[in-house]
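Q: Below are the structure tokens for one structure; questions will follow.
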Amino acid sequence: MAQRTAVSSWVQLFNRNLKAFTRQTQRAQTQATRAVVKRASTAKKPPATPGDWLSGMALGPGGARRYRLYRPPELQAGERLPLLVMLHGCGQDAASFALSTRMNALAKRERFLVLYPEQDRLASAQRCWNWYDTRSGRAHGEVGLILAAIDQVCLLQPVDRSCVAIAGLSAGASMAALIASRHPARFKAVVMHSGVAPGAADSTATALAAMRGHRLSAPWSPLPGQLLPLPPLLVIQGTRDAVVAASNGAAAAGVWALAGGAVAGEPRNQQRGQRHPMQVTDFKLRGRTAATLINVDHLGHAWSGGATQQPFSDAQGPDASRMVWAFVSRHFPSTHQAPAAPRVRPRPAAQTAFNIPLLFNPFALTTLKGATLKP
């Protein structure tokens, strides 16, 4: 009898502990779920710069991708602005890339739009663009999604379609070059910062080898029916890059120049103030620039001249954002004249360029309430 009572007491104690543990687990799960929902629903904001920080989503055979768009303030009726597409690197998203590069502040001053497509964690845990995965077709699916985002922005915003350029960092640089090589008619210029040229890899293993400088890019050959030359390429590469070997910069510029029949000119050394020195080499054919290679001394795997104390950013390097804009704008049609910044005046909340009903425009850009961008 005493033994039965002891067993019964033990069972009751076990049940009480089990119920308490279950309640604690449920409480912890609820708190974790609320935290995830809160993070997902809270829009990330780069530092405030006057203008609009817009959000959208592009759909395609490769799935869906979010994107952000910076639009300078005080657009005028009939005004058409250039568009610069910026592809972030691994470990970044649109907001952190905008913060690191400070491109929005430059876009406000020079009057152009900046589109930041955003890689999804389901496609890559580190948010890397799958530029290398051409064997499975994943890379081409992401190319289609980025082009869909560009098309959507061109439809909804006052974009000068004759003045579109694309740039990227690291994996974003490789993806930018892949897109431009497959669709050269879409872009007037392309910029690779610390990336690997198209054709150097077609799988994860070959991508790692290419990043270490152990694989060369295949000579560029146009797709069937593609007769247009490649758009001009700017390559920015750090000599102390421990992630993407410095030799990749010269390889990218070389294969691009070879496709256009251009040859390298004499390298020239430049240094601006106390910033890292750099060596600049132009590849030209009959006066036309096919590629420009900038090797930055002492620069690692980081955006040259980026914001201080930001990941993948080196404030001591020459200002890559200024170099990017100077390069791409030089290749825009001469008919495009940068409009003067209008006088600032009070205005209502930002609206999209076209008044399309939401019912027929489910992926229209939305403005974050109170969102002002500071570079």
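Q: What does the accessible area of Val159 come to, in Å² to the nearest 10, when a probe of 1.4 Å is used?
A: 10 Å²
Q: Looking at the square roots a ≥ b ≥ c of the eigenvalues of the Cα gyration tensor of segment 104-238, which shape do they give, rounded for a/c under 1.5, prolate if a/b is larger than b/c, or oblate?
A: Judged from the Cα gyration tensor, segment 104-238 comes out prolate (a/c at least 1.5, a/b above b/c).
Q: Could you report segment 230-329's accessible area per residue, 1.4 Å probe, as an integer in Å²?
A: Normalised by residue count, the accessible surface of segment 230-329 is 43 Å².
Q: With 16 Å as the cut-off, how large is the P(r) tail for segment 146-222, expressed as percent of Cα-Cα pairs?
A: That fraction is 54 percent.
Q: Magnitude of the Cβ-charge dipole of segment 202-314, K/R +1 and D/E -1, about the Cα centre, nearest 20 debye?
A: Here the size comes out at about 200 debye.
Q: Next question. Once neighbouring chains are kept in place and the probe is 1.4 Å, which whole percent of the accessible area of segment 47-118 is contributed by carbon and sulfur?
A: Carbon and sulfur together cover 55 percent of it.
The values are calculated or read from the model by the stated rules, or taken from the named source; none is laboratory data. This structure is a prediction, so every number in the text was calculated from the model and none was measured. Positions of Cβ are backbone-derived with ideal geometry, glycine not excepted, and every protein chain shown enters the neighbour counts. Quick note on the areas: whole protein, heavy atoms, side chains included, nothing else; ligands and nucleic acids left out. Shrake-Rupley method; radii C 1.70, N 1.55, O 1.52, S 1.80 Å.
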